[in-house]
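A short worksheet on the structure shown next.
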Amino acid sequence: MGQHWFKNSVVYGIDVKAFCDSNGDGIGDLPGLISKLPYLQELGINCVWLQPFYPSPLRDNGYDVSDYIAVHPALGTLDDFERLIQRAHASGIRVLIDLVANHTSDQHPWFQEARRDPSSPYRDYYIWAEEPPPNTDHHVVFPGVETSTWEYDEVAGAYYWHYFYRFQPGLNHQNEQVRAEFRRVIGFWLDLGVDGFRLDATALLISAKATPDPLAHLDHTILREMSDFVRACNEEAILLAEADAPPDRLDEFFGEESRMNLLFNFLLSANLFLALATEDSTPLDQVIAVLPAPPATGQWLNFLRNHDELNLDRLDPVDRERVFAAFAPDQQMQIYDRGIRRRFGSMLDGDPQRIMLALSLLFSLPGTPLLMFGDEIGMGENLTLPEREALRTPMQWDRSMNGGFSSAPRDQLYRPVIDQGPFGYHAVNVSDQRRDQDSLWHQIRRLIAQRKQLLTFGDGTWHIVRCDRGAVFTHECDCDEDRVIAVHNLGDQAQTVHLELGGASWIDVWCDQAYPPPDSESVVIGAYGYRWLQRVASS
Ligand code: MG
């Protein structure tokens, strides 16, 4: 597959704890995930992103790591992990793992040493102050939950800096020893065969922590050292950056400053939902105009939803309210005054036509598409769970007890399965959908297969094709002699779109219904319809 294998992958995000429980203890585990590799292969997934599976108090879904080079005992062993890598690779599936380098758990031995002994070398792994500076509420990541970025530690007799929860002290990457620690961590997992890392909270990691304007100065040398080290160990291994930065600063992460391979496309996600909410393609035109073009070594990671809230912070307030009104009208569906804590299946009312429209668009836009586990069957959320836990409920495999996720008694599950309503496991599960060729699962399986064949979307150049219908978004991708035009109708009315297709022949390689062949000047597109047209090479 070569160095740029990630450009034509379909990535699937997995919370191991919520995927499949092999031993009936109520928590998903690595052997459970291994047992589902044939399922992922059948779906067409060729890259998985594993969320943190490390030892952790699990107060932030594992993003509070207490040991970077081990497996949480409830999830398995390092032997299980090695077996997972071997089996995944044998199945043609690459494995990315989460690297949570911005902060540790407060239970990590580094922090425990640091707080106990001011002269310990670990003290300077973190950022301390005798007195917190003013405006300590600035830059908290979870407004409404946390009120300050400084927390007093009685053992240390000082305050420590944290962006996230108070139990996640921020690491000081200006300390060369901290950077050396993470080189050891990276080397450890690359030796076990991982194909790369998702770098959690990348922009915050390199920010000037504990200064009045930490995001004004990003120290990209930290990332460049890390990426150079990754590539020195394995030239095909990649870094996927979670960098939610303003559009004019995104190319810093792609370029020579940082050398990241994949960037989560947060701006696209927010604007895609705005376009879906308003049934107007203008937000897509606008966001695509401001996104920097990735270099040859880089690519966008496009997603509708990831494992966090749908962050609408970068939309203006009026647009944000439009998205709330369409997809999260109840206050309890919203979170942190900026986002939505729902999955896209439920946001789109489980309507397969609109779900497939959104995914068809996502898969055709320049970049590598990401699905989260359960998206392929249109899972919903459980709003009685706190914060982002709502959308992290266990995978719904079948109609048996606990949706086939675990044989543990219901009250011993790590997190409850959705068992009621239109998104409960009796109504939404893998087993039923696999038996129905028209199900969402099969449509997505076919979409994945088609995307992997059309390398033009991953490798080619592309541009927006202006058309005269505001609800219709049309773009063209070209690679060598291959040309593909994708037409997506965000609106509820069928449209005839005027397009200059020249004298060439075009065929539908992916579409929502049988369409008449396009003539040289126009293309018909149904309500919430989608068509990928490929030019037939003249011989
Ligand atoms: Mg288990």
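The values are calculated or read from the model by the stated rules, or taken from the named source; none is laboratory data. Note that the coordinates shown come from a computational prediction; the quantities given were computed from them, not determined experimentally. FYI the Cβ positions are ideal-geometry reconstructions off the backbone, even for glycines, and counts take in every protein chain you see. Accessible surface is based on the protein model in full, side chains and every heavy atom, while ligands, DNA and RNA are left aside. Shrake-Rupley method; radii C 1.70, N 1.55, O 1.52, S 1.80 Å.
A compact table of results
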| quantity | calculated |
| --- | --- |
| Fraction of accessible area attributable to carbon and sulfur, the chain (%, probe 1.4 Å) | 48 |
| Label zone at residue 482 (point 7 Å along Cα-to-Cβ), backbone N below 20 Å, region 2-27 | 2-11 |
| Pairwise centroid distance, computed over Cα atoms, of region 98-166 with region 338-401, Å | 34 |
| Extension gain, residue 411 back to residue 468 (0.36 nm per residue minus Cα-Cα distance, nm) | 14.9 nm |
| Phi-based couplings in Hz for region 287-302 (Karplus 6.51, -1.76, 1.60; Gly and Pro marked x) | 6, 5, 5, 9, 6, x, 6, x, x, 4, 8, x, 7, 7, 9, 8 |
| Cut-off under 5 Å, modelled amide H: who pairs with residue 27 long-range | 414 |
| Net length gained if the chain between residue 331 and residue 384 were fully extended (0.36 nm per residue, minus Cα distance) | 17.8 nm |
| Surface accessible to a 1.4 Å probe, per residue, for the residues of the chain, Å² | 37 |
| Whole-Hz ³J(HN,Hα) from phi, Karplus 6.51 cos²θ - 1.76 cosθ + 1.60, for region 356-366, glycine and proline x | 5, 4, 4, 6, 4, 4, 4, 6, 8, 6, x |
| Rough spin-label spacing in nm, given labels placed 7 Å along Cα→Cβ, for residue 130 and residue 431 | 6.6 |
| Using a Förster distance of 51 Å, the FRET efficiency for residue 191-residue 147 (Cβ separation, nearest 0.05) | 0.75 |
| Residue 165 accessible area, 1.4 Å probe, all protein chains in place, Å² to nearest 10 | 20 |
| Alpha carbon centroid spacing (whole Å) that separates region 447-464 from region 1-50 | 23 |
| Approximate spin-label separation residue 400-residue 23, in nm, with each point projected 7 Å along Cα-to-Cβ | 1.9 |
| Beta bridge orientation in the chain: antiparallel %, DSSP, nearest 5 | 60 |
| Two-site FRET efficiency, residue 180 against residue 236, from Cβ-Cβ distance with R₀ of 30 Å, rounded to 0.05 | 0.80 |
| Distance (nanometres) between label positions extended 7 Å along Cα→Cβ at residue 78 and residue 514 | 6.0 |
| Phi-based couplings in Hz for region 486-496 (Karplus 6.51, -1.76, 1.60; Gly and Pro marked x) | 10, 10, 10, 9, 7, x, 8, 10, 4, 9, 10 |
| Sparsely packed chymotrypsin sites (Phe, Trp or Tyr not before Pro) within region 234-310, loop by DSSP, other Cβ within 10 Å at most 10 | none |
| Residues listed by number, region 511-539, amide nitrogen under 17 Å from residue 500 label point at 7 Å toward C-beta | 519-523 |
| Relative contact order computed over the chain (Cα-Cα under 8 Å; 6+ residues apart), in percent | 13 |
| Spatially near lysine pairs across the chain, Cα under 26 Å, sequence gap of 8 or more or different chains | 4 |
